[in-house]
Amino acid sequence: MAAAAPKDDLRARFARLIATSGPISIAHYIAESNARYYASRDPLGVTGDFTTAPEISQMFGEMVGVWLADIWQRAGGPAPVAYVELGPGRGTLARDALRVMERFGLVPQVHLVEGSPALRAVQAMLVPQAQWHDDLSTLPDDLPLLVVANEFLDALPVRQLVRTAHGWRERMVGWDGERLLPVAGDRPMDAAIPPELADLADGAIVETSPAAATVTGEIARRLAAQGGAALLIDYGHAQPRIGSTLQAVRAHAGVDPFAHPGEADLTAHVDFAALVAIVGQFGSHWLGTVTQGAWLQAMGIEQRAQALAARFPSQAEAVAAALQRLVAPDAMGDLFKVMGLAAPPWPDGAGFA
């Protein structure tokens with residue numbers, strides 16, 4: 001006899017929904033799981049599930065602040081201007097970037113796009129001057145925007161199509177009586193596959209993120225209309241690729257993405273190549289996509305590390321370790337990418353040569 005699903009968790013809700021209406025899409029599963037996950041906790045740090053670059057070292061946020069101040073100055077220093085961060089975590093990146101920007105005479109309005117009450121409370125302690133938004137729709141529309149999205153796009157839902165013996169189908173989430181698992185849907189999806197991918201072998205998976213495309217398009221549209229620049233920083237690929245990148249992290253370890261809905265962080269690699277075309281469609285300028293390690297080095301993070309180590313000799317070893325974690329190819333340096341956007345009249349951004 002199949003084991004019954006627990007009655008008090010999201011897994012049980014999914015099981016009941018699937019039993020009633022059939023398998024749900026991967027995108028539905030990710031969206032509802034991550035909404036529950038982020039609304040209920042601070043997931044960052046040693047006691048959480050993962051650590052982001054701003055929490056590794058102040059140097060990361062400082063380099064972001066240098067980049068924003070530089071491009072703002074070369075654009076003529078328009079004022080007023082707004083700093084906008086999507087998914088700002090604990091507010092650490094915003095605090096560090098704003099501190100550096102102020103040294104260059106840039107003191108922007110601060111707008112944080114954050115839906116989690118738990119994280120808003122933490123952010124308010126580090127960035128008390130901030131205004132909060134549930135999404136991009138309520139951001140100011142009458143001044144230039146300096147936008148930062150660090151590890152934001154990777155948490156948005158993805159859609160997956162899988163090649164089967166009967167053609168292309170949407171990859172769904174089913175329930176076998178004991179566990180949630182990926183299954184192929186029953187509706188033909190061949191028309192949704194680009195011709196160059198139509199003849200891939202059985203089992204091949206094509207992954208897209210309409211949600212990431214929508215967010216990137218809205219950022220590009222606003223930059224074109226209002227002026228400004230943006231940095232999108234995330235792990236992902238700069239060239240198209242095939243296969244599922246869906247993964248889950250819990251207590252700093254990888255787990256089955258379908259085992260703990262609402263209790264683990266679900267993410268997928270960002271397809272930066274797909275986002276480039278979106279930027280142009282909405283009238284903004286793509287500055288480039290480079291690895292995080294190369295970008296941070298171009299921004300002067302090694303010199304900043306040397307200065308910190310000289311100022312705080314007792315922390316020199318920790319500073320060196322943080323630097324390596326951020327820039328080394330076998331750490332975050334190559335896996336993470338930095339994509340720059342700007343309004344057409346604005347100059348090119350540093351670090352994207």
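The values are calculated or read from the model by the stated rules, or taken from the named source; none is laboratory data. Keep in mind it's a predicted model, so treat the numbers as computed, not measured. When we count neighbours, we look across all protein chains shown, and the Cβ atoms used for this are built from the backbone with ideal geometry, even at glycine. SASA here: full protein model, heavy atoms, side chains in, ligands and nucleic acids out. Shrake-Rupley method; radii C 1.70, N 1.55, O 1.52, S 1.80 Å.
Worth pointing out:
- Pairs meeting the criteria (first residue in region 302-314 and within 18 Å of Ala328 (Cβ to Cβ) and touching a residue at least 60 places away in the same chain (Cβ under 8 Å), second residue open to solvent by less than 90 Å² (accessible area, probe 1.4 Å) and acidic (Asp, Glu), beta carbons under 7 Å, at least 6 apart or on different chains) are Arg304/Glu62.
- Condition check for Gly262: modelled with pLDDT under 95 and either touching a helix residue (DSSP H, G or I) at 6+ places or on another chain (Cβ under 7 Å) or closer than 18 Å to Val158 by Cα (or both): yes
- Scoring Asp141 on the criteria (1) open to solvent by 10 Å² or more (accessible area, probe 1.4 Å); (2) within 30 Å of Glu302 (Cα to Cα); (3) not in a helix (DSSP H, G or I) leaves a single failure, condition (2).
- Any hit, region 152-169, residues being more than 30 Å from Trp286 (Cα to Cα) and of a type in the set (Ser, Thr, Tyr): yes
- For region 254-279, the set of residues classified as within 28 Å of Gly217 (Cβ to Cβ), touching a strand residue (DSSP E or B) at 6+ places or on another chain (Cβ under 7 Å) and without any contact (Cβ under 8 Å) to a residue 12 or more places away in the chain consists of Pro257 only.
- As for region 196-210, it holds no residue that is part of a helix (DSSP H, G or I), open to solvent by 20 Å² or more (accessible area, probe 1.4 Å) and within 27 Å of Trp67 (Cα to Cα).
- All told, Val122 meets the bar of being of a type outside the set (Ser, Thr, Tyr) and modelled with pLDDT under 95.
- Strands (runs of 3 or more DSSP E) wholly inside region 76-133 containing at least 2 residues that are in contact (Cβ under 8 Å) with a residue 24 or more places away in the chain: 82-86, 109-113
- In region 296-314, the condition of being in contact with a Pro (Cβ under 9 Å, 6 or more places away or on another chain), crowded, with 20+ Cβ neighbours inside 10 Å and small (Gly, Ala, Ser) is met by no residue.
- Qualifying residue in region 219-240 (condition: open to solvent by less than 40 Å² (accessible area, probe 1.4 Å) and over 30 Å from Leu136 (Cβ atoms)): no
- In region 62-83, residue most open to solvent (accessible area, probe 1.4 Å) [restricted to those that are closer than 15 Å to Trp346 by Cα and in contact with a Pro (Cβ under 8 Å, 6 or more places away or on another chain)]: Arg74
- Any hit, region 174-182, residues being closer than 23 Å to Gln247 by Cα, open to solvent by less than 30 Å² (accessible area, probe 1.4 Å) and outside any strand (DSSP E or B): yes
- Evaluating Asp186 against the criteria (1) at pLDDT 95 or above; (2) assigned to a strand (DSSP E or B) leaves one unmet condition, (1).
- Top-ranked residue of region 165-191 - restricted to ones that are free of Cβ contacts under 8 Å to residues at least 40 places away in the same chain, touching a strand residue (DSSP E or B) at 6+ places or on another chain (Cβ under 6 Å) and not acidic (Asp, Glu), ranked as farthest from Ile24 (Cα to Cα): Gly167
- Looking across Leu161, Leu126, one residue alone is open to solvent by less than 30 Å² (accessible area, probe 1.4 Å) and either of a type outside the set (S, T, N, Q) or within 25 Å of the chain's Cα centre (by Cα) (or both). It is Leu161.
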